[in-house]
Amino acid sequence: MRSDSTNEPRPAQRASHAMTISYADRFRQKDAVEFYESQEYGSGSYSTAIWQLQRPMIEQILKDFRRERKEPIRLLDFACGTGRVLASLEPLVDSAEGIDVSENMVAVARTKCVKARLLVGDILAGPDLLQKNYDVISCFRFLVNVEPELRGPVLHRLREVLRAPDGRLLVNVHGNSRSLRHPAIVWRRRRERAEKSGAMLNEMSPVETRDLLRDCGFQVVRQFGFGMLPPTLYRTPLRKAVAAVDRSLAGDHWWNDWSIDMLFVCRPC
Ligand SMILES: C[S@@+](CC[C@H](N)C(=O)[O-])C[C@H]1O[C@@H](n2cnc3c(N)ncnc32)[C@H](O)[C@@H]1O
């Protein structure tokens, strides 16, 4: 079982150009897509365990939002990838769209999503790809790994198309530099410098993320956390006990700033 949820595809990374591949190109190759589906989100993987905690809470956020709003809800899943999040959320909204730069990721999403409109394209190069006034925008497993200089422009663009003042952005950071996994990431960064395999070992802190969101026009209204204990423990005989602890600590709690995977619910400000 893999335990390193920020690290993402490996097969393509072994190419000699691995260290220079952009995040937008990373998931274009078929072997990266295959890895994401069968390994990163294979049955029994750490990412799958975290998703099993996250999914019901995200669905509940959408259901609560729906009760409050009483008007049709339009969802955008930005960087929708293989449709993992979109397929779960589309039944809870009136209309749904997913967009991603990778044709191969979107091809898998097409097999999972029933009603969402799926687009392939780069929202920075083609601003007209998006409609206006989405009620909810989701953005999962993107922010921490995309090149830092692109985080702001993407969030600004998402802010422009989110309905104000009551729309919601659901964005996660699946590599918290204040979590108990941080020492393992530091150690792996040292090892990676020697191996140059191109594994993604990025992290962001809760403060850094909230500051970025605020600078891009978002106010965090709720923060959830998933996964407190080091993922490595999931590969030991303690797995069941560790999963039970992570399950009991997941959600909207005061200790979320130490969770490995942080989910921010934001509104425009
Ligand atoms: C780790 S995957 C996450 C997919 C999905 N959100 C999920 O959580 O399963 C990251 C996705 O971001 C997409 N991506 C990278 N750069 C992008 C960009 N500039 N615009 C849109 N999508 C992008 C990749 O193609 C990839 O599908």
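Each row is one residue, and each column tells you yes or no for (1) of a type in the set (D, E, K, R); (2) in contact (Cβ under 8 Å) with a residue 40 or more places away in the chain; (3) under 20 Å from ARG178 (Cα atoms).
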residue	(1), (2), (3)
LEU201	no, yes, yes
THR209	no, yes, yes
ARG214	yes, yes, yes
VAL221	no, yes, no
LEU229	no, yes, yes
ALA241	no, no, no
For the list (1) in contact with a Leu (Cβ under 6 Å, 6 or more places away or on another chain); (2) touching a residue at least 24 places away in the same chain (Cβ under 8 Å); (3) outside any helix (DSSP H, G or I), I need the number of the one condition that GLY81 fails.
(1)
Considering only residues that are of a type in the set (Asp, Glu), outside any helix (DSSP H, G or I) and open to solvent by 20 Å² or more (accessible area, probe 1.4 Å), which ones fall in the range 115-139?
ASP122
Of the residues that sit in the range 235-269 and are in contact with a Phe, Trp or Tyr (Cβ under 8 Å, 6 or more places away or on another chain) and in a helix (DSSP H, G or I), which one is most open to solvent (accessible area, probe 1.4 Å)?
LEU249
So is ASP261 in contact (Cβ under 8 Å) with a residue 60 or more places away in the chain and charged (D, E, K, R) or not?
yes
Here's a check for you: in the range 40-67, which residue that is farther than 24 Å from LEU118 by Cβ and in contact (Cβ under 8 Å) with a residue 24 or more places away in the chain is nearest to the chain's Cα centre (by Cα)?
ILE50
Positions within the range 53-106 being polar (S, T, N, Q) and within 11 Å of the ligand (Cβ to nearest atom), in sequence order
GLN54, THR82, SER88, SER102, ASN104
Pairs under 8 Å by beta carbon, first residue near the ligand (Cβ under 8 Å from one of its atoms) in the range 135-154, partner open to solvent by 20 Å² or more (accessible area, probe 1.4 Å) and among the basic types (Lys, Arg), six or more apart or different chains?
PHE140/ARG84
I'd like to verify a number: residues in the range 206-221 that are farther than 21 Å from GLU160 by Cα and open to solvent by 10 Å² or more (accessible area, probe 1.4 Å), how many?
2
Condition met for ARG67 (open to solvent by 10 Å² or more (accessible area, probe 1.4 Å), touching a Phe, Trp or Tyr at 6+ places or on another chain (Cβ under 8 Å), not aliphatic (A, V, I, L, M) and not in a loop (DSSP other than H, G, I, E, B)):
no
ARG168 more than 13 Å from the ligand (Cβ to nearest atom), at pLDDT 95 or above, of a type in the set (D, E, K, R) and in contact with a Gly (Cβ under 6 Å, 6 or more places away or on another chain)
no
Just need a number here: residues in the range 85-114 that are within 16 Å of VAL136 (Cα to Cα) and either assigned to a helix (DSSP H, G or I) or not β-branched (Val, Ile, Thr) (or both).
13
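The values are calculated or read from the model by the stated rules, or taken from the named source; none is laboratory data. Worth saying up front: this structure is predicted, and the values here are computed from it rather than measured. Reconstructed Cβ throughout: ideal geometry from the backbone, glycine too, with neighbour counts over all protein chains shown. SASA here: full protein model, heavy atoms, side chains in, ligands and nucleic acids out. Shrake-Rupley method; radii C 1.70, N 1.55, O 1.52, S 1.80 Å.
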